[in-house]
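Notes follow the structure.
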Amino acid sequence: MAVLAIPIATRADGMNTSSPLLPPLGGEYLSPAGVHATYNGPGLQIVLSDVRHRGFSNVVTTPVPGGTLENFGSEATGHVGVDLGPDSFFDIFFDIELTGPTSVMVGSGYTPGALGTFETEMLQLELSGNTPFGPALIRESPTKQSTGQTKVTDIGGGLYHIDSFFDVFTELSLDGGQTWIPSTGPVYVTLVPEPSSLVCLTCGAIALAAGFARRRRILRAS
């Protein structure tokens, strides 16, 4: 199958934000690779590319032994390529939108707002959405660990830098969860700012710099 791989704009990993809390609002997790995940089902192959996991909302944090459990809503968008087998005369491509709950364990003694480097594990990912073939479900593997790491650093000026990544094992269902197709391997996803957040942060920095420059001009004039 000729995989539809949409190029991803190169951006530095991690993001600057005004809050050290997790998950980082205004951020998104994406794979640096063009292909996000591949699922080999009976008579077909499904390839996800340019998947962006974001829209973190309704965050509930629960202290647990060794760290904090975070439950929140999320959404994912991406592109899908379907190969219907060697006898097929065409491949099918379409966009997909999924929503659902996510759970992440932040360990190493983490408490909300803490600074430092923390081991993480995605415990739950239950996304659902519609496709031209009907409903689709994607979940984090119930048998394999999806581990990662998050680092929160105070960079001054009321800003924090957050670096975060996961190696996520997922499974796909096209029959309402009766059967599941595991991905061919884990996908590495890393945190970057959403484009809209990056623009807002840049505009804020420009406005702040302009304010300082204006203040210097006023002081010099006086």
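What follows draws every value from the coordinates through simple rules; no lab data is involved. Everything numeric here is computed off the predicted structure, so don't read it as measured data. Cβ sites come from the backbone with ideal geometry, for glycine too, and all protein chains shown count toward neighbours.
Taking label points 7 Å from Cα along the Cα-to-Cβ direction, residue 59 and residue 115 give a separation of 1.8 nm. Shape descriptor for segment 98-154: Rg over Rh equals 1.13 (Cα atoms; Rh from the Kirkwood inverse mean 1/r). Express the Stokes-Einstein translational diffusion coefficient of segment 15-194 in µm² s⁻¹, to the nearest whole number, given a Kirkwood radius over alpha-carbon pairs, 37 °C and a viscosity of 0.692 mPa s. Once the numbers are plugged in, D ends up at 192 µm²/s. Shown for 57, 31, 128: other C-beta atoms within 10 Å of each C-beta, ranked fewest to most, produce the order 57, 128, 31. All other residues whose Cβ lies under 13 angstrom from that of residue 47 are scored, Lys and Arg at +1 and Asp and Glu at -1, for a net of -3.
A simple charge model with +1 on the Cβ of Lys and Arg, -1 on the Cβ of Asp and Glu and nothing else charged puts the dipole of segment 29-173 at about 280 debye relative to its Cα centre. When 167, 154 are arranged by Cβ crowding within 10 Å, least crowded first, meaning fewest neighbours, the order is 154, 167. Could you tell me the center-to-center distance, by alpha carbons, between segment 80-111 and segment 112-134 in angstrom? Rounded to whole Å, the Cα centres lie 12 Å apart. Based on Cα contacts under 8 Å between residues 6+ apart, segment 19-118 shows a relative contact order of 27 percent.
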